[in-house]
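Below is one structure, written out as structure tokens; the observations come after it.
The values are calculated or read from the model by the stated rules, or taken from the named source; none is laboratory data. These numbers were taken from a predicted model, which means no experiment stands behind them. With ideal geometry, Cβ positions are generated from the backbone for all residues, glycine too; neighbour counts draw on all protein chains shown.
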């Protein structure tokens with residue numbers, strides 16, 4: 001009976017859209033791309049002439065400035081920071097280093113993350129370029145300037161335990177509102193780290209129905225969209241059958257709503273007319289399960305032979 005009631009509760013709370021989502025849009029203007037790289041590198045967009053901003057990033061990344069067309073130089077910087085199509089990006093390399101050194105991955109800027117790891121390991125910061133400093137950190141962590149990242153396949157329906165960052169309350173949400181969540185724990189398959197605890201995800205409310213008389217419960221339609229893998233890849237997520245089954249087994253997300261169903265019991269039609277349905281109210285920190293919507297390829301971090309400092 002409890003199992004059946006919990007299944008009813010889950011289907012009442014979430015009517016999840018099956019629409020897939022593409023990866024986050026890449027800025028398509030020079031200033032947009034340059035600003036994105038600056039935010040990732042320094043924590044905020046910089047001011048001044050474009051040529052000066054480009055040269056600062058080039059020097060900080062590699063130690064020297066480059067020549068060529070403006071857009072070519074900006075594209076090169078953007079790819080170094082974010083792109084994993086030919087080799088791991090700077091952000092992916094830092095994710096691997098941070099997890100190997102301290103078993104956590106921060107959301108700080110590239111500059112701060114390098115500074116923090118150097119201070120932890122060496123007690124001081126280097127004046128070298130970011131690439132050289134990453135090589136030094138890699139030599140300490142892995143015994144080589146090359147970080148051992150490996151491309152692996154993430155199967156469809158891989159389960160991910162998440163924790164809500166945005167509360168889900170039918171009385172307060174409306175269509176179009178953004179629901180933020182994060183990975184509640186590392187996702188490791190075959191000794192490879194695919195998604196780190198704390199990795200961010202984002203969904204969108206597509207419809208809300210308030211609780212009504214006759215015990216009709218509130219309903220929220222949420223497209224959970226995507227979350228970030230360890231290499232920054234946007235992985236499509238959904239609340240599918242495997243995720244629902246896992247929540248049912250763990251007794252997650254039930255709380256007062258499940259207790260309310262047990263207490264309410266069967267009611268007559270006349271009495272039911274005056275019984276208000278239950279609101280959907282999942283506070284921040286509520287644990288749920290999602291699953292990957294389709295297979296994808298990411299750079300993963302080997303978890304064998306690593307110890308937390």
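Here are a few things to note about the model shown:
- Residue among 17, 76 that is at pLDDT below 95 and within 26 Å of the chain's Cα centre (by Cα): 17
- Selected residue (criterion: surrounded by the fewest Cβ atoms within 10 Å (Cβ to Cβ)) from residues of the range 171-198 that are in contact with a helix residue (DSSP H, G or I) (Cβ under 9 Å, 6 or more places away or on another chain) and not in a strand (DSSP E or B): 186
- The residues in the range 100-109 that are in a helix (DSSP H, G or I) and surrounded by 22 or more Cβ atoms within 10 Å (Cβ to Cβ) can be counted, and the count is 1.
- Some residue of the range 56-75 being in contact with a helix residue (DSSP H, G or I) (Cβ under 6 Å, 6 or more places away or on another chain), free of Cβ contacts under 8 Å to residues at least 40 places away in the same chain, assigned by TED's automatic domain parsing to the domain that holds residue 143 and in a helix (DSSP H, G or I): no
- Taking the criterion of being in contact with a strand residue (DSSP E or B) (Cβ under 9 Å, 6 or more places away or on another chain), at pLDDT 90 or above and assigned to a loop (DSSP other than H, G, I, E, B), the residues of the range 140-165 that qualify are 155, 156, 157, 158, 165.
- Qualifying residue in the range 277-286 (condition: modelled with pLDDT of 85 or more and surrounded by 13 or more Cβ atoms within 10 Å (Cβ to Cβ)): yes
- Residue within the range 79-94 that is outside any helix (DSSP H, G or I) and either at pLDDT 95 or above or touching a strand residue (DSSP E or B) at 6+ places or on another chain (Cβ under 8 Å) (or both) present: yes
- Residues in the range 207-248 that are modelled with pLDDT of 80 or more and part of a loop (DSSP other than H, G, I, E, B) were compared, and the one that is farthest from residue 106 (Cα to Cα) is 240.
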